[in-house]
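Trainee: Just passing along the structure, written as structure tokens.
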Amino acid sequence: MYETLTSLVERALSGNMRPLEFYLREQSRLPGPRANLELVNELTNLLAALVVEQPESVQELLCYLMSDERQRIVSNTSAEFVILCGIVAMGQCAAACPKWWGETFEMLGKHACSPLWRVREGVALAFQRLLPVATQETINFLMILATQGNYFQQRAAIAAIAEPGLLYTSNLVNAALEIQHVILERIHATLVTERKREDFRSLRQASGYTVSVVTAAAPERGFALMHKCASWGDPDVNWILRENLKKKRLAKFVEYTEGLKRLLA
């Protein structure tokens, strides 16, 4: 696969992008339950290795892959996979090109609102490629999405930073806690009439696991936040807390979880 992909990328960077697009579609495994994420990573790493020497050609290719103007894109199709590839690769390539950061953040914020769930997942993956390199800049933008963004953008913010492999510094842990806190407060403040919307339900579903990720990284403060939220008596927030208490990553914190379960009973 690597040799074929390398050849197709070389052709694409020379201006002939269609063969690469067809290959990505053919190998996407869509429609189906699981997209070919191995291929996403192969393409992403390959383009990231070339972007410093060929920034304009790589950027042109990425814009081509991310474009949804060629046809109406439908979920769980090979066309959606092509956009997913472009978005994740954009995050990885931007990590190597500081001049791209501002434009990339704005692009990811836009695609976070996509009606296609795999595209939204790609946005979170792209932010995760940026966080280890452009740490504070990415945190700042995720905080903007958390505090000012719509439900899908809030989801992108917390899904991006609530990743166990990323929460290895106090800076990232503190940011994850703050972003999660902001989002839970915004969920609590949401009008009942808006809570059946698809975008709100998507945010609620994501929060059903992200709280436990953040809490496992900072147990004392994470459980303090969960206790505070439990005191609100909000049915959707309570559902989020109960879902997180089911996660194995919190099982070892029995002294905290038992008290919370009693509060939520």
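Trainee: Over the chain, calculate the relative contact order: mean separation of alpha carbon pairs under 8 Å at least 6 apart, over the residue count, as a percent.
Mentor: 12 percent
Trainee: Another question, then. If the only charges are +1 at each Lys and Arg Cβ and -1 at each Asp and Glu Cβ, what is the size of the charge dipole of the stretch 135-265 around the Cα centre, to the nearest 20 debye?
Mentor: 480 debye
Trainee: Let me ask you something else. Hey, what number do you get for the chain at 222 nm if only DSSP H runs of n ≥ 4 count, each worth -39500 (n - 2.57), divided across all residues, to the nearest 500?
Mentor: -23000 deg cm²/dmol
Trainee: Hey, another quick one. Please give the contour-minus-distance gain from L191 to K110: 0.36 nm per residue of separation, less the Cα-Cα distance, rounded to one decimal in nm.
Mentor: 26.8 nm
Trainee: Next question. With +1 on each Lys and Arg Cβ and -1 on each Asp and Glu Cβ, and nothing else charged, work out how big the dipole of the chain is about its Cα centre, in Debye to the nearest 20.
Mentor: Using only the charged Cβ atoms, the result is roughly 1100 debye.
Trainee: How high is the FRET efficiency from E198 to D68, r the C-beta distance, R0 25 Å, rounded to 0.05?
Mentor: FRET efficiency, E198 to D68: 0.85.
Trainee: A further question follows. So if each residue of separation counts as 0.36 nm, and I subtract the Cα-Cα distance between Y2 and A265, what length gain in nm does that give?
Mentor: Taking Y2 through A265 to full extension adds about 89.4 nm, to one decimal.
Trainee: Also, I was wondering about something else. Put a dot 7 Å past each Cα toward the Cβ at A224 and N171; how far apart are the dots in nm?
Mentor: Inter-label distance under the simple model: 2.3 nm.
Trainee: Another question about this same structure. Between helix 117-130 and the chain, what is the angle of the helix's C-alpha long axis to the longest principal axis, kept within 0 to 90° and rounded to the nearest 10?
Mentor: Taking the Cα atoms of the chain, the angle to 117-130 is about 90 degrees.
Trainee: Please enumerate, by chain and number, the lysines with C-alpha under 16 Å from the C-alpha of K261, excluding those fewer than 8 residues away in the same chain.
Mentor: Answer for K261, where 16 Å is the Cα cut-off: K228, K246, K247, K248, K252, listed by chain and number.
Trainee: Further question on the same structure: May I ask you to derive the relative contact order of the stretch 135-265, considering only C-alpha pairs under 8 Å and at least 6 residues apart, and to give it as an integer percent?
Mentor: Relative contact order for the stretch 135-265 comes out at 23 percent.
Each reported figure results from applying straightforward, stated rules to the coordinates on display, with no laboratory input. Bear in mind that the values here come from a model prediction, so they are computed numbers and not experimental data. Positions of Cβ are generated from backbone atoms using ideal geometry, with glycine treated the same way; all protein chains shown enter the neighbour counts.
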